Amino acid sequence: MGVGRKSLRVSETGNTTIEFIGFLLLLVLPLVTYFVQITHHSIMEQSSREILREIIQIVKTGDDFNTSISIAQRYLSLHDSQSQMLVSCVSGDCPKRGSIMRIYLKSGGLSLESTFRGSRWG
């Protein structure tokens, strides 16, 4: 008999698979995070554009300019409480029919603007 010689065998067949999955997670996780952030930004931008279109429709179709702006402010506060709206006159006898108005919408880091002609204001 040999004195104190014991042989110990260790099986490493599963370690390669675990290392591969670990490195794959380290590589894929930033890509997933990037695409989630891009998707979130795109959805927020699309939502802001839709809100701006609705605000323009509210202001254009109203009979009274001040009432239309008030309704548009309420609509904005209901749909996006962090956004701010600024209405300015570009040309014409503001706010009258045929005058050109501009609306700025600031939502988070996004700034949108649109120019339109007043249609029904007295």
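Residues that are in contact with a Pro (Cβ under 8 Å, 6 or more places away or on another chain) and in a strand (DSSP E or B) were ranked within the range 73-122; the one that is farthest from residue 49 (Cα to Cα) is 89. In the range 92-107, the residues that are in contact (Cβ under 8 Å) with a residue 60 or more places away in the chain form Cβ pairs under 8 Å with partners that are part of a strand (DSSP E or B), at six or more places apart or across chains, as follows: 107/84. In the range 40-57, the residues that are more than 11 Å from residue 105 (Cβ to Cβ) reach residues that are of a type in the set (S, T, N, Q) with C-beta atoms within less than 8 angstrom, at least six apart or across chains, in these pairs: 44/107. If you take the residues of the range 101-122 that are open to solvent by 30 Å² or more (accessible area, probe 1.4 Å) and over 28 Å from the mean Cα position of the chain (by Cα), which of them is farthest from residue 58 (Cα to Cα)? Going through the qualifying residues, I end up with 122.
Suppose the filter is part of a helix (DSSP H, G or I) and farther than 17 Å from residue 114 by Cα; does residue 70 pass it? Yes: the conditions hold for residue 70.
The values are calculated or read from the model by the stated rules, or taken from the named source; none is laboratory data. Quick caveat: nothing in here was measured; it's all calculated off a predicted structure. Note: ideal-geometry Cβ built from the backbone for every residue, glycine included; neighbour counts use all protein chains shown. Surface accessibility is based on the protein's heavy atoms, side chains included, excluding ligands, DNA and RNA. Shrake-Rupley method; radii C 1.70, N 1.55, O 1.52, S 1.80 Å.
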